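The structure appears below as structure tokens.
The values are calculated or read from the model by the stated rules, or taken from the named source; none is laboratory data. This is a predicted model, so every value here is computed, not measured. So basically every Cβ, Gly included, is an ideal-geometry build from the backbone, and we count neighbours across all protein chains shown. These accessible areas exclude ligands, DNA and RNA; they are computed on the full protein's heavy atoms, side chains included. Shrake-Rupley method; radii C 1.70, N 1.55, O 1.52, S 1.80 Å.
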Amino acid sequence: MSATPTVTLTPRATRAAKRGRPWFFADDLEQTDAADGDVVQVRSDRSQAMAIGLYAERARIRLRICGGAPPRSATAFEDFLRARLRASISRREALRGPRAGVRLVHAEADGIPGLVVDQYADCAVVQISAAAVEAHRDAIVAALVDELAPRSLVARHDIAVRELEGLGQDVELLHGERQERVEIEEHGVVHGVHPFDGHKTGFYLDQRDTRLAVQRIASGRRVVDLFSYQGGFSLAALSGGATSAIAIDQSASALERASAAASANGFEGLEIRRANAFEALRELRAAGEAFDLVIVDPPPFAKSKREIAGGKRGYRDLNRHALRVLAPDGLLLSCSCSHHVTPPMFEDLLRQAAAGLRFRVMLRQRLLAGADHPACLSLPESEYLKSCLLQRVDLDP
Ligand code: SAH
């Protein structure tokens, strides 16, 4: 008998686990002697030991499977975590560098549900969202300090999902010295990252590949960047030769940071506007303005199943307004980060947004999050970020 608590799956859940599904709900579990926040041995309906799992009694997702051989002790689990961390970091070797911003651990995709680790130059940021992982936080911090020797290690635990696991929300320095701002370099552009108060863990690392795509198509274009945050896309566009960029966001501090970054990079042609993106688009159209590249990267409009209908309406309206400010041959880069809105649903919404316009809309490219944010094929929910690059084509001008 092992000392580890066990969770036994139902026959149906056993089959799903064998196909690689990592998430299980209350009615997937036949029996358990686990307590909230335990690391457990996951057993099949025939009581065969299958994997290591994380158990959370109050959360909707009761059990998250890590894979691996079931551990015999807490120390064995910490050795397992350390090995997973090392492997995950080494998979990102090609993306790493002294000034790089890169996600080192992407939860389920790297076999550590409930753990995200991002590195911004010499600053590492952790985000733990599982009680079973939180219980081994000191071991994770020690492993990261050994592997990365960071100048600072910050916990960004100001995320609501922690409450589901009975964990408090806070932001704290776990190791080293406090750095309010760190610089990273991406595709030749320097971005300022604020690990303590920036969005997410400080920066939208998941749009790295899409910013590169923007840099490559921006030459000679007039750009409007809606939901710009710190102007990530505007800066990429200006570095790629855009003639001008208007960054629009509701956050004054994000826009100030966009301006500062443009100056630091020596880019001219950035204009910032604090506004509601929906209203700003209407005003641009009313003023008869047209753009060669429009970027819309809103926050998730559908954060839960209940919000799907309203969220869909939001995407449809927003994209319709955005298509209407395109100049002939203009490009629209449209992004969605709601995992409840799947890629086919999103494309259908774009199709509806484009219906009845007096020009054709072509789909030029589909884009996903970068290689350091891989989606787990057996967990469709992990494919949250998708973008489409559309083009206005006037067949009969
Ligand atoms: N494109 C950015 C990330 C955008 S995040 C990048 O690559 O870094 C979404 C942004 O939308 C946030 O900065 C938030 O302040 C802003 N936002 C949310 N709702 C808004 C609205 N109705 N109008 C304008 N900005 C909004």
Nearest-5 percent of antiparallel DSSP beta bridges in region 74-182? 80
Of all GluC sites (Glu not before Pro) in region 210-291, the ones in DSSP coil with at most 11 other Cβ atoms within 10 Å are GLU268
ARG216-ALA149 FRET efficiency (beta carbon distance; Förster radius 30 Å; 0.05 resolution): 0.30
Take VAL393 and GLU30, extend 7 Å from each Cα along the Cα→Cβ direction, and tell me the distance between the two endpoints in nm. 5.6
Distance in nm between label sites at ALA142 and ALA287, each 7 Å beyond Cα in the beta-carbon direction? 5.9
The extension gain from GLU172 to ARG86, computed as 0.36 nm times the residue separation minus the Cα-Cα distance, is 28.6 nm
Tilt, helix 208-217 to longest principal axis of the chain (alpha-carbon atoms), in degrees rounded to tens, equals 20
Charge tally for neighbours of GLU383 with beta carbon under 13 Å away, counting Lys, Arg as +1 and Asp, Glu as -1, is -1
Please work out how much length the chain gains when fully extended from ALA327 to GLU57, using 0.36 nm per residue of separation minus the C-alpha to C-alpha distance, in nm with one decimal. 91.8 nm
Beta bridges by DSSP in the chain, antiparallel share as percent, to the nearest 5: 65
Nearest-20 debye value, region 6-65 charge dipole, Cβ charges on Lys, Arg, Asp, Glu: 400
So which GluC sites (Glu not before Pro) in region 126-228 end up in coil per DSSP with only 12 or fewer other C-beta atoms within 10 Å? GLU177, GLU180
Once the in-chain neighbours fewer than 8 apart are removed, the lysines whose Cα is under 27 Å from LYS200 read LYS303, LYS305, LYS312, LYS386
Could you calculate the contour length gain from LEU164 to SER263, that is, 0.36 nm times the residue separation minus the distance between their Cα atoms, to one decimal place in nm? 31.4 nm
Over the chain, with every protein chain in place, what whole percent of the accessible area is carbon and sulfur at 1.4 Å, could you tell me? 48
In region 329-354, which residues have a backbone nitrogen under 19 Å from the label point lying 7 Å from GLU271's Cα in the Cα-to-Cβ direction? 330-331
Calculated [θ] (222 nm, deg cm²/dmol) that DSSP helices of n ≥ 4 give over the chain, each run adding -39,500 (n - 2.57): -8500 deg cm²/dmol
